[in-house]
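Below is one structure; the comments refer to it alone.
Read-outs throughout are calculated quantities, based only on the coordinates presented, and are distinct from any laboratory measurement. Since the structure is predicted, the reported quantities are computational estimates derived from the model, not experimental observations. As a convention, Cβ positions derive from the backbone with ideal geometry for all residues, glycine included, and neighbour counts pool all protein chains shown.
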Amino acid sequence: METGKITLQEFQLVYEKDSSNLSAKKKNKKKPNEGCSVEGQVEIIKMDPQELEIDFVGFHLSLINAYRRIILAEVATIAIEKVDIFNNTSIVQDEVLAHRLGLVPLKVDPRYFEFQNKEETEWGAQDSVQYKLNVQCTKNPHALGDETDPDTLYLNRKVLSSSLKWVPLGNQTDIFQETSMQPLHDDILLAKMNAGHEIHLNAYAVKGIGSDHAKFQPGLAWYRLLPEIELTREVEGEQAELLQKCFSSGVINVVTTPEGKKVARVNDARNDACSRNVFQYDSIKDSVKLTRKTDHVIFYVESHSALKSFEILEESVNIMIGKCDLLLAEIDKYTDSDVGN
Amino acid sequence: MPVGADGFRLPNVNESIAKNKLEWLTGPGQNECCRTFVINEEDHTLGNALKHVIIQNPAVEFCGYTIPHPMERKIHVRIQTNKTPAVQVLHEALKVLKEQNEVVKKMIQDEVKRYEETHLPQESEEMVSQ
């Protein structure tokens, strides 16, 4: 793996490939028959079901980028696809309401469902989830005479995602519980109504992938390379304070040496946003060397679906393995037929 | 124009012809050792990762991938070797890529377990002490 550095200069990025590693690569190359051992480590910095911060050290960027692309485009979730509207007298148009319903994230676990066939016309228990929304806005009989706040004057003025009720299809009651079929958040505003308005609809959710529609994306994924800061000369006094301000907080510390001088020290370059602000000031422009390590990737995953953040990442690796398997099977098909010829 | 149950146009008859996942081009620049493979329904996700693995192979003289047109979902992977059949190179590269992915998957699973073990027990201790 190339462990070069990317130097961040004032107006350009300079890619330096590590020459010592190239000769090591050639030594590895002379043994193609041995099993490819992956030199690399994975370390989780922070993890909870919604967010994940994970470090990939020693892996090539093309693989990490593939995981990011798969999370955004090919990891499946469940979202509302078709809406049958029986009555909609609110001022929110049918199509706008249906679009908003599609974007509501659902807590339904997509791994229990199959993809629906394109030609399928019925809603089966194994590939769809049905919801109903039946809300009327009426005057509040208990409101005081001089009340002006519309939210208390009328009942059900705001249609929230908590009004989406699950309607079990087929044998879904045996497998799922009501609490695991609700939208992820209860307070998503879908529509606003006035007295006398009514919304009555059935919504059907199916399994889909992000490349079809962004509502099917399980979450966000992005990565950055680890920044490094090196001080090329001693920076003291006012310049040290200025240097500290040029970087994100916590990156540069100003410490007092035993002689009483205030000197800048690099504390932790990891949190730096790489704004290169330091190049604005001529006095300290020459005092730092900013680089990025090309083989240390900080990968972030945020989940807004039923899958937990680490499950999304594992699922994307599984999908990548699936792609390789599919192609290997295709090649075997061809080589078998060649042998037959 | 034939219309389906939900009011949308039925797909053309031509669209339903199943495409092969993997094909290769024929012509003057193609032989056993120098081949351009066409992989349907793929993009940079697989292309870049596969190209990187193929290049690590010392038998390969040239390897590159391209997407001929952004509106068609397919990639062309060109492999040129001296004596090894290109199909063999592709096969080995896919195996290596699959192996790398399985190693990464195992690493992630182990890390998740390790993190859960080191972090969640502390929370339950706090709950007990309160």
Those trypsin sites (Lys or Arg not before Pro) from segment A:180-233 that are DSSP loop and have at most 10 other Cβ neighbours within 10 Å turn out to be A:Arg233
note: the protein assembly as shown, Cα-Cα separations exceeding 33 Å make up a percent value of 57 percent
Summing -39500 (n - 2.57) over every DSSP H run of at least 4 in the protein assembly as shown, dividing by its residue total and rounding to the nearest 500, the 222 nm mean residue ellipticity is -9500 deg cm²/dmol
The base-10 log of I(q)/I(0) that the Debye equation returns for segment B:49-99 at q = 0.13, 0.16, 0.18, 0.26 Å⁻¹, one scatterer per C-alpha, is -0.31, -0.45, -0.56, -0.97
Inter-chain shielding metric for A:63-69, i.e. average beta-carbon neighbours from other chains within 10 angstrom, reads 5
At q = 0.18, 0.22, 0.24 Å⁻¹, the log10 of I(q)/I(0) for segment A:95-140 from a Debye sum over equal Cα scatterers comes to -0.78, -1.02, -1.12
Among A:Lys245/B:Lys51; A:Lys46/A:Lys293; A:Lys46/B:Lys21, the pairs whose Cα-Cα distance exceeds 32 Å are A:Lys245/B:Lys51; A:Lys46/B:Lys21
With a 20 Å threshold on alpha-carbon distance, the violating pairs from A:Lys82/B:Lys74; A:Lys107/B:Lys113; A:Lys17/B:Lys74; B:Lys19/B:Lys98; A:Lys82/A:Lys118 are A:Lys82/B:Lys74; A:Lys107/B:Lys113; A:Lys17/B:Lys74; B:Lys19/B:Lys98
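Would you please report the Å³ per residue occupied by the convex hull of the alpha carbon atoms in segment B:21-126? Present the calculation step by step, with values, prior to reporting the outcome.
Working: hull volume 12.9 nm³, N = 106.
Cα-based convex hull of segment B:21-126, divided per residue, equals 122 Å³.
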If unit charges are put on Cβ atoms (+1 for Lys and Arg, -1 for Asp and Glu) and the dipole of the protein assembly as shown is taken about its Cα centre, the option from A:Gly170, B:Gly27, A:Cys137 lying farthest towards the positive end turns out to be B:Gly27
On each of the three principal axes the extent of the alpha-carbon atoms of segment A:188-259, given in whole Å and largest first, is 78, 36, 16
Taking only the Cα positions of segment A:83-190, the convex hull volume per residue in Å³ is 133 Å³
Inter-chain shielding metric for B:58-64, i.e. average beta-carbon neighbours from other chains within 10 angstrom, reads 1
Ordered by number, the trypsin sites (Lys or Arg not before Pro) in segment A:50-146 that occupy a DSSP loop and have at most 16 other Cβ atoms within 10 Å are A:Lys107, A:Lys118
In chain A, helical segments from DSSP H whose Cα atoms cover 15 Å or more along their own axis and that average at least 1.0 on the Kyte-Doolittle scale are A:61-73
With DSSP loop assignment and no more than 13 other C-beta atoms within 10 Å, the GluC sites (Glu not before Pro) in segment B:71-115 are B:Glu72
Phi-derived 3J(HN,Hα) across segment A:178-189 with the Karplus relation (6.51, -1.76, 1.60, θ = phi - 60°), rounded Hz, x for Gly and Pro, is 4, 5, 8, 10, 7, x, 5, 10, 8, 10, 7, 7
Percent of all Cα-Cα pairs per 5 Å bin for segment A:108-247, counting from 0 up to the last occupied bin, reads 2, 7, 12, 13, 11, 10, 7, 7, 6, 5, 6, 6, 5, 4, 1, 0
To the nearest 20 debye, segment A:46-140 has a Cα-centred charge dipole, built from +1 on Lys and Arg Cβ and -1 on Asp and Glu Cβ, of 340 debye
If every Lys and Arg gets +1 and every Asp and Glu gets -1 at its Cβ, then about the Cα centre chain A yields a dipole, in debye to the nearest 20, of 940 debye
A convex hull over the alpha carbons of segment A:225-284 yields, per residue, a volume in Å³ of 79 Å³
